[in-house]
1. So which strands (runs of 3 or more DSSP E) are wholly in the range 73-137 and hold at least 3 residues that are buried (at least 17 other Cβ atoms within 10 Å of the Cβ)?
2. Evaluate the range 133-156: report whether one residue or more is aliphatic (A, V, I, L, M) and more than 18 Å from the chain's Cα centre (by Cα).
3. Name the residue, out of I179, I169, that is out of contact with any Leu (no Cβ under 8 Å at 6 or more places or on another chain), under 27 Å from S96 (Cα atoms) and assigned to a loop (DSSP other than H, G, I, E, B).
4. Can you name the residue in the range 138-150 that is among the charged types (D, E, K, R) and in a loop (DSSP other than H, G, I, E, B) and is also surrounded by the most Cβ atoms within 10 Å (Cβ to Cβ) among such residues?
5. Which condition from (1) surrounded by 11 or more Cβ atoms within 10 Å (Cβ to Cβ); (2) without any contact (Cβ under 8 Å) to a residue 40 or more places away in the chain; (3) polar (S, T, N, Q); (4) in a loop (DSSP other than H, G, I, E, B) is the one that T153 breaks?
6. Can you tell me which condition A119 does not meet? The list is (1) in the same structural domain as S62 (by TED's automatic domain parsing); (2) in contact with a Ser or Thr (Cβ under 6 Å, 6 or more places away or on another chain); (3) among the aliphatic types (A, V, I, L, M), and all the others hold.
7. What about T97, is it among the hydroxyl-bearing types (S, T, Y) and modelled with pLDDT of 85 or more?
8. Tally time: how many residues in the range 182-202 are outside any helix (DSSP H, G or I), within 27 Å of L39 (Cα to Cα) and either polar (S, T, N, Q) or modelled with pLDDT of 90 or more (or both)?
Amino acid sequence: MINSADTAWMLTATALVLLMTLPALALFYGGLVQAKNILSVLVQCTAVAALCSVLWFAVGYSLTYSRPARVPRHAMVLREAAVCVTTWGSGFRLGSTMEFSGYDEGLNRIRLDALRRAAADSLHEPVGPELQEEWWGWRPMSMDEIPIIGPSTRWSNLSLATAHGMLGISMSAATGELIAAQLTGAATAIDATPYAPARFGL
């Protein structure tokens, strides 16, 4: 059920944030540069505000341990729990959970505990002798869950390569090849239309 008061507050807060970004923040940073660069700063702040309006931010978590005595020989996915297990010479990592938490920068212990439980249900040695890192990081996503790759239709000197969600590392090489071809005017290896920023008016 939609709450009218909540909706009104969200619209008001959105308007206030847009006023803070455009023009207040743009003019603030514009005052730190030479007069001839003020327009460029205004355009950059506008571009960032437009991009953030269509991006969703999810948070991913992982746990890194020193290597246990018994670990999988190859990287694997615990399909039921959607947890990835990665091993290397001296380390062992559990990861690949996702949480839609907005811009909250807190480390959610519930998510980390879920990784431990999944490993305990499936692995002989679910944790290593030493916990080396508890990690979380942003995973930008678009509203249609398709990456945004290509030149902007609004600004001739801007190209975007973002919103890969959980596939940022695995798609990095292909994204780099695609955006390089677009920047140099070469033929692209695949049809770039589905990834075009134009679908969001960017």
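The values are calculated or read from the model by the stated rules, or taken from the named source; none is laboratory data. Since the model is a prediction, treat every value here as computed from it, not as a measurement. For neighbour counting, all protein chains shown are included, and Cβ atoms are generated from backbone atoms with ideal geometry for every residue, glycine included.
1. In the range 73-137, the matching strands (runs of 3 or more DSSP E) lie at 83-87, 91-99.
2. Step one: filter the range 133-156 for residues aliphatic (A, V, I, L, M), giving 141, 143, 146, 148-149.
From what is left, the residues that are more than 18 Å from the chain's Cα centre (by Cα) are none.
No, the range 133-156 contains no residue that is aliphatic (A, V, I, L, M) and more than 18 Å from the chain's Cα centre (by Cα).
3. Values: I179 fails: assigned to a loop (DSSP other than H, G, I, E, B).
Going through I179, I169 in turn, just one is out of contact with any Leu (no Cβ under 8 Å at 6 or more places or on another chain), under 27 Å from S96 (Cα atoms) and assigned to a loop (DSSP other than H, G, I, E, B): I169.
4. Within the range 138-150, the first condition is being among the charged types (D, E, K, R), and the residues that meet it are 139, 144-145.
With in a loop (DSSP other than H, G, I, E, B) added as a condition, the list becomes 144-145.
On the way: D144: 12, E145: 10.
Ranking the qualifying residues of the range 138-150, first place goes to D144.
5. For T153, the exception is condition (2).
6. (2)
7. On the way: among the hydroxyl-bearing types (S, T, Y): yes; modelled with pLDDT of 85 or more: no.
Spelling it out, it is not the case that T97 is among the hydroxyl-bearing types (S, T, Y) and modelled with pLDDT of 85 or more.
8. Within the range 182-202, the subset outside any helix (DSSP H, G or I) is 185-192, 196, 201-202.
Next, only the ones that are within 27 Å of L39 (Cα to Cα) stay: 196, 201-202.
From the residues that got through so far, the ones that are either polar (S, T, N, Q) or modelled with pLDDT of 90 or more (or both) too are 196.
Going through the range 182-202 one residue at a time, the tally reaches 1.
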